[in-house]
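First the structure, in the form of structure tokens, and then the observations on it.
Derivation of every value follows stated rules applied to the coordinates shown; laboratory data play no part. On a predicted model such as this, the values are computed, not experimentally measured, just so you know. Cβ sites come from the backbone with ideal geometry, for glycine too, and all protein chains shown count toward neighbours.
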Amino acid sequence: MPPVSEIQMPARRWHIPWRELWQYRDLLWMLVRRDFTVFYKQTLLGPLWYLVQPLLTMLVFTLVFHRLAGLSAGGVPPGLFNLVGIVMWGFFRESLVGISETFHRHQALFAKVYFPRLIVPLAQLITALIKLGLQWLIFLLLWGWWRWHGGGAFSPAALGWFAAALTLLMTVALGGGLIIASLVVKYRDLRFLVAFGMQLLMFLSAVFYSLAEAESRLGEIGRWLAFNPVGVAMEMGRMAWLHTGAVGWENVGVAGAAAVGLLAAGLMMFNRAEKQFLDTI
């Protein structure tokens, strides 16, 4: 008799199928290539959109929030200050929104063939990370020009802070995206609230202002914003490259614990939703 493979859903709530994820790694990279190329297929500028978009947004943010509204950039060029937040926020937004549409966008694929469903959110996360790398080249060019003209300094510890900031963003995006994706299985109208929720979250996440600026202008509300994991990651990113801003270890600890809790809840809900997905849809 030919060998028989029995496929069973994971019994543990927070199970991550590491072995299956490795076995299906070719599918993972295929999804990454597909998501990466679909964005600029049949467009005028092609991949250049990855570079043009953050630059245009940087100019608008600098004009509106720093020239007109008078927000402080902490003694560094406002354009660089904003570009850090714009690129990091773009990575977070694209990751979370893409992951939240896991079941909706791939329901036909899920119904036809088996593979570990977690591959789809991971592919979205990796795609967003590649785009982040491309857009970060713009920042590095402008940052290098600033340093060449006597601005700022760099230390190897900055890479550690930046890696920690990205890890925090990835954890929150993956956990939050899995929670939304699991809820959308039953409540499809939640998809339409994600875009509005992301716009609101951007204003609460220190994208174009520092945490110190928020505390000085908003008082107690600003102090609470300093525990927002996304805002903490933005501040850490600017601390790493621009040496502006400050975030305490208490804020980092609370933000990290919240991110891990969000990821655990997301994995639990995702594992439960994938068992009922086809019946519910």
Residue (of 174, 123, 110) at the positive-pole extreme of region 30-187, dipole from beta-carbon charges: 110
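Between residue 22 and residue 149, 0.36 nm times their residue separation minus their Cα-Cα distance comes to what?
Values: separation 127, 0.36 × 127 = 45.72 nm, distance 4.68 nm.
Gain on extension, residue 22 to residue 149, equals 41.0 nm.
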Dipole in debye (nearest 20) - region 24-280, about Cα centre, beta carbon charges: Lys, Arg +1; Asp, Glu -1: 620 debye
Value at 222 nm in deg cm²/dmol, rounded to 500, when DSSP H runs of n ≥ 4 in the chain each add -39,500 (n - 2.57): -23500 deg cm²/dmol
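List the relative contact order of the chain as a percent without decimals, with contacts defined as Cα pairs under 8 Å and 6+ residues apart.
Values: 324 pairs, mean separation 75.9, N = 281.
Result for the chain is 27 percent.
Please state, to two decimals, what the Cα-based radius of gyration of the chain comes to when divided by 2.2 N^0.38 Å (N = residues).
In units of the 2.2 N^0.38 Å rule of thumb, it is 1.08.
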Cut-off 15 Å between beta-carbons: net charge of the residues surrounding residue 215, Lys and Arg +1, Asp and Glu -1: -2
Degrees, to the nearest 10: 229-242 long Cα axis against longest axis of the chain: 50 degrees
Spatially close lysines, pair count over the chain: Cα under 28 Å, gap of eight or more or interchain: 5
